Amino acid sequence: MSHFLFTFLLALLTSLVLAPFLAAIARRFSLVDHPDGGRKQHVRPVPLIGGPTLLLGTGLAIATTLAAFPDVLRESKGDRAFLVCLGVSALLLAAVGVLDDRFGLRGRQKLLLQTLACLCMIPSGFLIEEVSLLGYTLDFGDTAIIVTLFWLLGAINSLNLIDGADGVASTVGAVMAITTAAIAWTVEARPDGMLVSLALAGGLIGFLFHNLPPAKMFLGDSGSMVAGLILGAITIKCSIKEASAIALLMPLAVWTVPIFDSSMAIVRRKLTGRSIYATDRNHLHHCLLRSGHDNVRVLLVIATLCSISGGAAVLSAYFNEDGFAIAGAVSSIVLLVVTKSFGFVEAKLILRRAARFVRSLTIFSPGDKPTFSEAISLHGVQDWAGLFAGLESTLIDMDLAFVELCINIPAVNEDWHGHSSSKNIVDNLDLHRLTFPLKVSGQTVGTLRIHAAASSYPSPAKLLTALNSEVDVFESKLNAMTRPILEAAAVSETSTLREIPVDRPPQAAHR
């Protein structure tokens, strides 16, 4: 056990000491996260050096342990191949993350490069070939590679998505790594899992000293993706039961909080007509901050939730009973939804969409053209519903097919969505589709989408002419409602910046 403690402490110290040096290099090469006054509300550029820090801290700790204690992995020859492939995959993924942090990659580009990095795990024999769930075994056969890639990509992006506030991803990753080490110790046959998970836990905790609010450094995409890959791989490796079947509920329980957060993000964006690659301020940590928790308490709440589901996974491994994992995962989710801390709005969206689907099944006459209307405040206090009511009147008066209003102003925590359709336009491709970005005082505050049937407006010119006065009225109302909010936010931000001492020359902050 002493060599595992050695690994943990060495990774922690290496990460703690190296991070400031890497931060200086990151500033020199402009590898920093710049505030944008909207979603990114930190006050000065912050270095993005999580990937290199974790690679060096974790890699050095593992390599030193293997050199000092050569018998650590004597129980399985395959462990070394797993470590080599994991190292190569993590190195490639860190490079992808650095490119994304520095230049910004499109979602599809990043997904492709992530897939190539994950494929490097396959030669080690790392495959999810069959899983054990509630006493049943499911064999994936020829689709094992696809399932494995799906799991690793999900792990990478789940931790990446939750990384939106100081210390959150580092805290979540550290708790999950310690939980995985406990599972590896419980099952007794996974020295590689113990070694890697404790090295990662040490690296993340060492980095966390610099990442606690207010953060001096950020994990960035490189750090969160590397941590996600390693955790995704070792949670599966440490959940293998007899006959190589993976006890699926154990890794799912460990990953409950990140999976729930990313799942709700996908639900929220798809059901409000946005791209799943879009960014917003509706993740778990954002919701907790808006509910009145300070940054430190947010970290404590998230760490507690991860500990509940993770502790249940450890009990599940110890007693070989899936019920513990289910109870822990469900408890964490229910606690969030019932207290309306997170997931409550998404649950309402799902229920409303289900009710709409059921309602559509009751329409039997082809001539029936029901009106569907849905509006929901994701967060915020402004009365956008009153603004949307005017659009609904326009929809009816002008015989439009569909109107949708999306308000998204991260700087003032306003996010609202509403849409209404006056016709059953399923399978109707004969539509004019217009999308207007909404700008107030030079800032984009949302989008307006309008669809009209070509049977009502034979040409785009006729539709645009008919809409001209209506859109003018709408823009006037939007400006009158939004401009005071933006001006108040700008004044508040200026006051905050004046109160913050500058600890380096201004030119260095914008280099």
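The values are calculated or read from the model by the stated rules, or taken from the named source; none is laboratory data. Keep in mind the model is a prediction, meaning the values are calculated, not measured. Quick reminder, even Gly has a Cβ in these numbers, built from the backbone with ideal geometry, and neighbours come from all protein chains shown.
Mind listing whichever residues of region 130-153 are more than 27 Å from F324 (Cα to Cα) and polar (S, T, N, Q)?
Selection gives T143 alone.
Out of (1) within 24 Å of T186 (Cβ to Cβ); (2) surrounded by fewer than 17 Cβ atoms within 10 Å (Cβ to Cβ), the odd one out for A313 is which?
(2)
Does any residue of region 159-166 turn out to be surrounded by 14 or more Cβ atoms within 10 Å (Cβ to Cβ) and farther than 22 Å from L48 by Cβ?
No.
For F342, only one of the following conditions fails: (1) out of contact with any Cys (no Cβ under 6 Å at 6 or more places or on another chain); (2) surrounded by 15 or more Cβ atoms within 10 Å (Cβ to Cβ). What is its number?
(1)
Which members of region 259-277 meet the condition of being at pLDDT 90 or above and either crowded, with 17+ Cβ neighbours inside 10 Å or in a loop (DSSP other than H, G, I, E, B) (or both)?
Correct list: I259, F260, D261, S262, M264, A265, V267, R268.
Would you be able to tell me the number of residues in region 75-104 that are touching a residue at least 60 places away in the same chain (Cβ under 8 Å) and exposed (fewer than 14 other Cβ atoms within 10 Å of the Cβ)?
Of the residues in that region, 2 qualify.
Could you list all residues from region 463-483 that are touching a residue at least 12 places away in the same chain (Cβ under 8 Å), of a type in the set (A, V, I, L, M) and under 17 Å from K439 (Cα atoms)?
Passing the criteria: V471, V473, L478, M481.
Being within 19 Å of M264 (Cβ to Cβ) and not in a helix (DSSP H, G or I) is the filter here, so list the residues in region 318-361 that pass it.
Across region 318-361, the qualifying residues are T339, K340, S341, F342, G343.
Yes/no matrix, rows are residues, columns are (1) touching a Cys at 6+ places or on another chain (Cβ under 9 Å); (2) farther than 20 Å from L200 by Cα; (3) in a loop (DSSP other than H, G, I, E, B); (4) among the β-branched types (V, I, T):
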| position | (1), (2), (3), (4) |
| --- | --- |
| T143 | no, yes, no, yes |
| I146 | no, yes, no, yes |
| L149 | yes, yes, no, no |
| L152 | yes, no, no, no |
| A155 | no, no, no, no |
| S158 | no, no, no, no |
| T171 | yes, no, no, yes |
| M176 | yes, no, no, no |
| T180 | yes, no, no, yes |
